[in-house]
Amino acid sequence: MSTSVAPPLRRPRSRVRPPSRSRVRLRRAALGRAALVLVALGYAAPLVYFVLGSFKRDEDVIDGLRGFLPVDLTFDNYIQLVTTTLNSESSGYLWRFFLTSFTVTGIVVGGGLVVNSMVAYALARLEWKGRDAVLMGVLALAIIPFEAIAIPLYYMLHDNPHKIIIQALPFIANSFSIYLFYSFFVGLPKAIDEAARIDGAGPWRIFVLIIVPMSKPVYATVAILTFLTTWGQYLWPLLVVPPDQNGAQPLPTALGYFTGVNPTQLLGQRLAFGVLMVAPIVVVYLFFQRWFIASVATSGLKG
Amino acid sequence: MAQIVLDQVTKMFPVAGQVREPRPIVDALDLTVEDGEFLVLVGPSGCGKTTSLRMVAGLESASSGRILFDDRDVTDLPARDRNVAFVFQDFALYPHLTVGANIGFPLRMAGVAPGIAEARVNRVAAMLRIDDQLGKRPRQLSSGQRQRVAMGRAVVRDPDVFLMDEPLSNLDAMLRVEVRAEISSLQRRLGRTTIYVTHDGEEAMTMGHRVAVMRGGVLQQCGTPDELYTSPSNCFVAGFVGTPQMNFVAGQLWCDERWQVVFGQVRMTLPDTVVARHPRLARQEGSVVVVGFRPEDVLVDPQASEIEAFDVQVSEVQRLGKEVRVLFPAPVHGFGVGEIDDLDTLTHKVGRSGELMATISPPRPVAVGDQLRLRVQPEAVHLFDALGRAL
């Protein structure tokens, strides 16, 4: 019989056993599950509210518990956002803020990959006097929060007219990125560098032709982490980009300025703005995650 | 083409932030490798052989001393300006490049035109029989093929000097013997000066024109395999060269009309050939010496008189088909017992505490516990002083 071939995964329920015991156990398990579901719902609720609300008219958004239900959905908020200039003190089209955010993030990610990996290479693979002290210093910097240096940075940079550059500049060199690169580079076999040295390559060509191609996974990791932190930057652009400069507003500050100061206004549009702002993160994350896993799996070094 | 001269080359081991005196990992190494010669540097791990090789390559700087290539001082020259090729123990292939690109990398660095470089890569690959693998990545290859790629990368640039750091240690035993022969024949064909590092005494003996034995950063002896085998300069070399290892026992030298060596109850008269081989013999009369004899020079001889033989009980039997190796407790102080000054530190294997070995060939039935009467062939005896130096 075919049923006897497949081994039963669960113990078959026995009718002989006294029912009371198993019933108690079942009830306990159900209670546990219910508690877990409740907690999960608690965490998911704001997200559900956020995404659903972006498809609702303002009065439906705050309509009590109905706000959590997928009813009365409309694309009006999105259409409004994309087609009109946003209201309030200044005006500007949504795509401009996207452009600014992408430009700033692009500079930080691109510049960061180049600069930080080069620093890490010097720290991990080259020998020079004072290297260990510099390494310690760089790592120590990781514990200083940005807020601590925001004010001095503001004094140094606020009157610079290149608002896009200013937004990116302080975040390109990043001690945490250096640390990530450093720990990857240190783990690469030393004999590879030596082989390249024998073959006639100098430190620069060893880096570009050997180390970088071998380190794709860590470049992907640093790129995605840098993207995530830079995309959501709020404090720094708030400090250095004046409200009237639409062209230089990134999405987070734009959301604040251009939906107005009154929190009851434009509820649906705010949420839609938020959804659009988060969308690239989700896309980038999904894209990189697949690539990331593949690259880690295929970089089976050794020999 | 180059002659390599190492002149008092020393490498101090860097002991960062420690009170300990820095100790030399290579101590005043003097060595000359002739043009076109295949020299094998051999010794136990930590003896400084790899460090010496890396100093020749320029991967490691010398703390003092000079390295000359054909009278040209290269001591402070960076690796890439020395025109040497280095084959690494774990091959160190570039994992992201194809086999062809790996072999061609030195040419690319030297700025050789792509067309010419490709032709040379193809020629080298054909010579090493990996021409059908050129498009693959290193990880798709077997370890034997990877080894060939590493060789190809070394050969392609036509270097003056080949340096190889245990290139066979990552291969399995069968392959090792095969590749060993290939490397030897390749070196013969190309005629390039080659320094080859290994910890395997047998590999050293079969491959090298000359073999340099190192220990604790100090060169012990450098000579042809035959020289090392027949007249080792000390106990260490004697123990390192030849498998199975030489037996050592404590003895005493006497001279009444003829030279005799006494160990245990055995009183052996030394033939003239042995006396001639040991010029320092006369100064050691009456003193304790180390007597060395190889397992293959021990004979089973039931007819031998008591004065020239010793009776032993077999403690272990190793059958190898063509011969039988028997181990037995030393009838006198065997090496490693520590009765002789510094002997146990001079001989590199301390593990065999007092057990000796005899090789019985052709094989005959022997079992553990058997009583054997053994005789050492006097012509094959090696004599060392209490410090382990050859007399």
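Tabulated data for the structure shown
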| item | result |
| --- | --- |
| Residues of region B:61-90 satisfying the condition of being more than 14 Å from chain A (Cβ to nearest Cβ) and in contact with a helix residue (DSSP H, G or I) (Cβ under 7 Å, 6 or more places away or on another chain) | B:Ala62, B:Ile67 |
| Of all residues in region B:140-165 being in a loop (DSSP other than H, G, I, E, B) and more than 12 Å from every other protein chain (Cβ to nearest Cβ), the one that is most open to solvent (accessible area, probe 1.4 Å) | B:Asp158 |
| Filter result for A:Ile165 (away from every other protein chain (no Cβ under 14 Å), over 21 Å from B:Ala150 (Cα atoms) and in contact (Cβ under 8 Å) with a residue 60 or more places away in the chain) | no |
| Residue within region A:232-247 that is in a helix (DSSP H, G or I), modelled with pLDDT under 85, open to solvent by less than 70 Å² (accessible area, probe 1.4 Å) and assigned by TED's automatic domain parsing to the domain that holds A:Ser177 present | yes |
| Unique match (being touching a residue at least 40 places away in the same chain (Cβ under 8 Å) and not aromatic (Phe, Trp, Tyr)) among A:Ile172, A:Ile192 | A:Ile172 |
| Meets criteria (at pLDDT 90 or above and in contact with a Ser or Thr (Cβ under 9 Å, 6 or more places away or on another chain)) for B:Leu29 | no |
| Candidates B:Val26, B:Val124, B:Val56 - the one that is assigned to a helix (DSSP H, G or I) and in contact with a Gly (Cβ under 9 Å, 6 or more places away or on another chain) | B:Val124 |
| One residue from A:Ile178, A:Ile192 being part of a helix (DSSP H, G or I), farther than 22 Å from A:Leu276 by Cβ, more than 10 Å from chain B (Cβ to nearest Cβ) and β-branched (Val, Ile, Thr) | A:Ile178 |
| Check on B:Val84, among the aliphatic types (A, V, I, L, M), open to solvent by less than 40 Å² (accessible area, probe 1.4 Å) and touching a strand residue (DSSP E or B) at 6+ places or on another chain (Cβ under 6 Å) | yes |
| Given (1) in contact (Cβ under 8 Å) with a residue 24 or more places away in the chain; (2) at the interface with chain A (Cβ under 10 Å from one of its Cβ atoms); (3) more than 21 Å from B:Gly216 (Cβ to Cβ), number of the condition B:Gly36 does not satisfy | (2) |
| Pick from region B:91-120, criterion buried (at least 16 other Cβ atoms within 10 Å of the Cβ) and more than 13 Å from chain A (Cβ to nearest Cβ), ranking: nearest to A:Arg197 (Cα to Cα) | B:Gly100 |
| Options A:Val275, A:Val282, A:Val208: the member that is buried (at least 16 other Cβ atoms within 10 Å of the Cβ) and either out of contact with any helix residue (DSSP H, G or I) (no Cβ under 7 Å at 6 or more places or on another chain) or more than 14 Å from chain B (Cβ to nearest Cβ) (or both) | A:Val275 |
| Members of region B:202-229 found to be touching a helix residue (DSSP H, G or I) at 6+ places or on another chain (Cβ under 8 Å) and within 23 Å of B:Glu379 (Cβ to Cβ), listed by number | B:Met205, B:Gln221, B:Pro225, B:Leu228, B:Tyr229 |
| Filtered residues of region B:127-161 (kept if out of contact with any Gly (no Cβ under 9 Å at 6 or more places or on another chain), under 24 Å from B:Gly58 (Cα atoms) and charged (D, E, K, R)) | B:Arg148, B:Asp158, B:Asp160 |
| Sole exception among (1) free of Cβ contacts under 8 Å to residues at least 60 places away in the same chain; (2) not assigned by TED's automatic domain parsing to the domain that holds A:Pro242; (3) not in a helix (DSSP H, G or I) for A:Lys56, by number | (1) |
| Number of positions in region A:173-187 that are β-branched (Val, Ile, Thr) and open to solvent by 30 Å² or more (accessible area, probe 1.4 Å) | 1 |
| Count of region B:59-81 residues which are among the hydrophobic types (A, V, I, L, M, F, W, C) and either open to solvent by 10 Å² or more (accessible area, probe 1.4 Å) or in a loop (DSSP other than H, G, I, E, B) (or both) | 5 |
| Candidates B:Ile195, B:Ile183 - the one that is more than 14 Å from chain A (Cβ to nearest Cβ) and open to solvent by less than 10 Å² (accessible area, probe 1.4 Å) | B:Ile183 |
| Test: residue in region A:101-116 that is surrounded by 16 or more Cβ atoms within 10 Å (Cβ to Cβ) and more than 24 Å from the chain's Cα centre (by Cα) | no |
| Test: residue in region B:174-186 that is in contact (Cβ under 8 Å) with a residue 60 or more places away in the chain and more than 19 Å from B:Arg82 (Cα to Cα) | yes |
| Qualifying position, being free of Cβ contacts under 8 Å to residues at least 60 places away in the same chain and at negative phi, among B:Pro24, B:Pro114, B:Pro44 | B:Pro114 |
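For every residue, the table says whether it meets (1) open to solvent by less than 10 Å² (accessible area, probe 1.4 Å); (2) touching a helix residue (DSSP H, G or I) at 6+ places or on another chain (Cβ under 6 Å); (3) of a type in the set (Ser, Thr, Tyr).
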{"site": "B:Phe240", "(1), (2), (3)": "no, yes, no"}
{"site": "B:Leu253", "(1), (2), (3)": "yes, yes, no"}
{"site": "B:Trp259", "(1), (2), (3)": "no, yes, no"}
{"site": "B:Gln265", "(1), (2), (3)": "no, no, no"}
{"site": "B:Pro302", "(1), (2), (3)": "no, no, no"}
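The values are calculated or read from the model by the stated rules, or taken from the named source; none is laboratory data. All of these numbers come straight from a predicted model, not from anything done at the bench. Because the Cβ atoms are built from the backbone with ideal geometry, glycine has one as well, and the counts that use them run over all protein chains shown. We work out accessible area using only protein heavy atoms, side chains counted, and drop any ligands, DNA or RNA first. Shrake-Rupley method; radii C 1.70, N 1.55, O 1.52, S 1.80 Å.
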